[in-house]
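S.K.: This structure is in structure tokens; I'll ask about it shortly.
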Amino acid sequence: MNLQESIRRILKEETDSVKNLNESKTSQHLKLMNILLDPLKKKDCLCDIKISFDVEENYYDIYLVFSQKELHEMFFNLYGIRTYIQKMMNDVKTELESFLPIRNVFIGNYTKPNCEWSPLNESEDNKEKKIQKNLKAIRQLLDTIDVDGLCKIWVEYNPEDGDYEIRSKTTIRYYDMEDMAEELGYIEDTIRSWKLKTYVFSPYYVENCEDEIEYLNESENKKSGLLKAIEEDGLYEVITSTSLHIHEIERKVGQLSKEILERFIIDVVKEHHSDINEDFQTYYIYLEDYPFNEVPVGNNDYVEELKVTNNELFFVVSHFEEDKYGELEFSSKELIPSNNLEYDNIYEIAGQLGFLLSKGLI
């Protein structure tokens, strides 16, 4: 039976099945996806295509798993690698859209040292063995890095917070080399894709590559470095560049202020607005456009829209009242400035936006 016949057969089975059972539809779609994408697994550098359904988020997750070793043998720079990976992701999207009437699909990717490598199971009794295996995989990744001015790059495990810390030293006094920043960002993204905690330090400056590094207090250095990035560049830039969730960031730097969270929401609205009034420099996000949980700000009051005018943040709140049957009915809307909302409300909105942003859903 060829591919087309298999697809037609499964589609017929889905039509004949009980259509109002979401579990049945999900199972059939997963089966179809595996059949459609199986030929792509033969492509160069691709180890596997992992497909699953996220019940909580109501999304199909598809991850392309690539071999670092093969990618670096096939391409000479990150641009070539990323262009190839993006093309593969586009091919997956095109293939699925040709046959399946579903929109809620997230396509991502991650790499591993080679197609045979796999991390130890989390239940592994020998924790030290797991750490050493992860360190070996990270060192193989670091061996692929070759940037002018970078003397040395290495990894250490920090048992205090479970981070795999990446350090390096450079003879370039000012850390503004685009290639170096891109390579270090690639390292961080790759290690996080293995579900490992990591922290990539900015390169230490040395006059000569043989010089020793004078370390600062490391925990304070990490905390102050991340806080400095948040204060200077904003939480939006930190999340988009690291894919960290707000909760993960807070575990490193402590509770975020209301001002930082408000600036983050403003940046999200301006970058990902649903609507804009350019005459008045006003941006809107309609929360109903996204898988966004309702945020109550009163007994029967809920945030429906986010609005930014001249860099000032407002919330459109819908008020509901109970009718004689005890059912909630919409009664009115109100525009509320951010300083009139509680910290917990701001935090909930920022947290959900941060999650959507880190998942690529907004």
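The values are calculated or read from the model by the stated rules, or taken from the named source; none is laboratory data. Just so we're clear, the structure is a prediction, and the values are computed from it rather than from any experiment. Ideal geometry is used to build each Cβ from the backbone, glycine not excepted, and the neighbour counts take in all protein chains shown.
S.K.: Cβ-Cβ under 6 Å, sequence separation 6+ or interchain: first residue in region 32-50 and on the phi > 0 side of the Ramachandran plot, partner buried (at least 19 other Cβ atoms within 10 Å of the Cβ). Which pairs?
M.R.: Every condition considered, the pairs that remain are 45/66; 45/67; 45/71.
S.K.: Out of the residues in region 336-348 that are hydrophobic (A, V, I, L, M, F, W, C) and farther than 13 Å from residue 307 by Cα, which is modelled with the lowest pLDDT?
M.R.: Our first condition is that a residue be hydrophobic (A, V, I, L, M, F, W, C); within region 336-348, this holds for 336, 341, 346.
Then drop every residue that is not farther than 13 Å from residue 307 by Cα, which leaves 341, 346.
Numbers: 341: 87, 346: 90.
Checked region 336-348; the qualifying residue modelled with the lowest pLDDT is 341.
S.K.: Further, regarding this structure: What is the residue count in region 29-52 for residues that are surrounded by 15 or more Cβ atoms within 10 Å (Cβ to Cβ) and within 23 Å of residue 194 (Cβ to Cβ)?
M.R.: 6
S.K.: Being of a type in the set (Gly, Ala, Ser) and under 30 Å from residue 109 (Cβ atoms) is true for just one of 326, 360. Which residue is that? Give the steps one after another, and end with the answer.
M.R.: Details: 326 fails: under 30 Å from residue 109 (Cβ atoms).
On inspection, the qualifying residue turns out to be 360.
S.K.: Are there any strands (runs of 3 or more DSSP E) wholly within region 274-313 with 2 or more residues that are within 19 Å of residue 344 (Cα to Cα), and if so which?
M.R.: Per the criteria, 301-309.
S.K.: Would you check if there is a residue in region 292-305 being of a type in the set (Ser, Thr, Tyr), at pLDDT below 85, under 23 Å from residue 354 (Cα atoms) and surrounded by 14 or more Cβ atoms within 10 Å (Cβ to Cβ)?
M.R.: no
S.K.: Another question, then. Residues of region 90-140 being of a type in the set (Val, Ile, Thr) and either surrounded by 16 or more Cβ atoms within 10 Å (Cβ to Cβ) or modelled with pLDDT of 80 or more (or both), which ones? Even if it seems obvious, please write down each step before you answer.
M.R.: Of the residues in region 90-140, the ones of a type in the set (Val, Ile, Thr) are 92, 94, 102, 105, 107, 111, 131, 138.
Once the filter is applied, which keeps residues that are of a type in the set (Val, Ile, Thr) and either surrounded by 16 or more Cβ atoms within 10 Å (Cβ to Cβ) or modelled with pLDDT of 80 or more (or both), region 90-140 yields 92, 94, 105, 107, 111, 131, 138.
S.K.: Quick test of your reading of the structure: residue 256 fulfils all but one of (1) in contact with an Asp or Glu (Cβ under 9 Å, 6 or more places away or on another chain); (2) not in a loop (DSSP other than H, G, I, E, B). Name the failing condition by number.
M.R.: (2)
S.K.: Report, by residue number, each residue of region 178-207 that is modelled with pLDDT of 75 or more, part of a loop (DSSP other than H, G, I, E, B) and not β-branched (Val, Ile, Thr).
M.R.: Listed by number, the residues that qualify are 194, 195, 196, 197, 201, 203, 207.
S.K.: Being modelled with pLDDT under 75 and within 17 Å of the chain's Cα centre (by Cα) is the filter; apply it to region 208-259 and report the residue that is surrounded by the fewest Cβ atoms within 10 Å (Cβ to Cβ).
M.R.: Of everything passing the filter in region 208-259, 247 is surrounded by the fewest Cβ atoms within 10 Å (Cβ to Cβ).
S.K.: Is there any pair with a first residue in region 257-286 that is in the same structural domain as residue 317 (by TED's automatic domain parsing) and among the hydroxyl-bearing types (Ser, Thr, Tyr) and a second that is at pLDDT below 90 and part of a helix (DSSP H, G or I) whose Cβ atoms are under 7 Å apart and which are 6 or more apart or on different chains, and what are they?
M.R.: Every condition considered, the pairs that remain are 274/289.
S.K.: Among the residues of region 54-96, write down those that are assigned to a strand (DSSP E or B) and under 17 Å from the mean Cα position of the chain (by Cα).
M.R.: 54, 59, 60, 61, 62, 63, 64, 65
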